[in-house]
Amino acid sequence: MSLLSSHPERNVIHVQLKQNLLLKTLSDHDRAELESHLVVMDGNKGDFLLHQGVREMEQYFILDGILKRVVSNPEGKEMILRFADERDTETSYAAWRLGTPTPYGIVCVTKARVACMPMPEWVAFLDRHPDVKQFFEYNVMRVMSEIMAHTITLHLLDAPGRVHRFLRKHPELVDRIPQKELATHLNLSPETLSRLRQRGKI
């Protein structure tokens with residue numbers, strides 16, 4: 001973990017941040033202000049960036065790799081709520097605003113690199129930039145809506161239907177996510193997902 005300002009690849013990371021869907025409309029001045037707060041963190045597959053049930057939170061801008069938002073029960077059973085890749089963000093902003101512990105964890109699905117900042121600093125930045133705040137909060141609500149829709153389809157669609165929906169909505173992720181992770185997200189066993197592929201049903 002190192003400050004972006006002193007990172008040896010800061011010029012490349014600067015370009016990556018300019019491509020981030022949330023940050024690409026920032027002026028050079030505003031982006032420089034934001035980047036002064038950012039720390040670059042590298043994670044390996046399975047590393048937690050954020051643990052479920054904590055109150056110390058950060059805002060993440062994904063530079064490389066894929067992250068998952070995951071809920072676990074005391075027995076260790078896991079539900080993957082969503083995946084996010086380069087040019088996207090991950091956040092626990094809603095929990096911060098509500099004053100509650102994080103309801104999920106954020107985990108590296110692959111080797112990943114993120115730029116991050118403490119949530120209080122991100123919230124302060126948003127308060128100084130109302131246009132960014134409006135767009136960000138819209139995206140937070142959009143992601144929450146997508147997670148709700150996904151959860152509903154786990155009950156309403158059969159196994160091939162769940163897979164087809166994911167293929168339609170996230171074609172860019174299909175070949176990058178390990179089959180076991182995709183199966184968990186779709187509430188299927190890896191064996192069922194493999195059989196569907198072999199039978200040509202997906």
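The values are calculated or read from the model by the stated rules, or taken from the named source; none is laboratory data. For clarity, every value in this text was computed on a predicted model and none was experimentally measured. Cβ coordinates were reconstructed from backbone atoms using ideal geometry, including for glycine residues, and neighbour counts include every protein chain displayed.
Numbers below:
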read-out	value
Of all residues making up segment 53-95, the number that are in contact (Cβ under 8 Å) with a residue 40 or more places away in the chain, buried (at least 18 other Cβ atoms within 10 Å of the Cβ) and more than 18 Å from Ala115 (Cα to Cα)	3
Candidate set from segment 155-186 (those that are part of a loop (DSSP other than H, G, I, E, B) and touching a residue at least 40 places away in the same chain (Cβ under 8 Å)); member that is farthest from Gly65 (Cα to Cα)	His170
Output for segment 96-128, where each listed residue is free of Cβ contacts under 8 Å to residues at least 60 places away in the same chain and either out of contact with any helix residue (DSSP H, G or I) (no Cβ under 9 Å at 6 or more places or on another chain) or of a type in the set (Phe, Trp, Tyr) (or both)	Trp96, Leu98, Gly99, Tyr104, Gly105, Ile106, Ala124
Selection from segment 10-47 of residues that are touching a residue at least 60 places away in the same chain (Cβ under 8 Å) and surrounded by fewer than 16 Cβ atoms within 10 Å (Cβ to Cβ)	Gln19, Leu21, Thr25, Glu33, Asp42, Asn44, Lys45, Gly46, Asp47
Qualifying residue in segment 159-173 (condition: farther than 22 Å from Glu86 by Cβ, surrounded by 16 or more Cβ atoms within 10 Å (Cβ to Cβ) and over 23 Å from the mean Cα position of the chain (by Cα))	yes
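So that you can scan it fast, the table gives a plain yes or no per residue for (1) at pLDDT 95 or above; (2) within 30 Å of Glu33 (Cβ to Cβ):
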| residue | (1), (2) |
| --- | --- |
| Leu126 | yes, yes |
| Val132 | yes, yes |
| Asn139 | yes, yes |
| Met144 | yes, yes |
| Leu157 | yes, no |
| Leu167 | no, no |
| Glu172 | no, no |
| Gln179 | no, no |
| Leu196 | no, no |
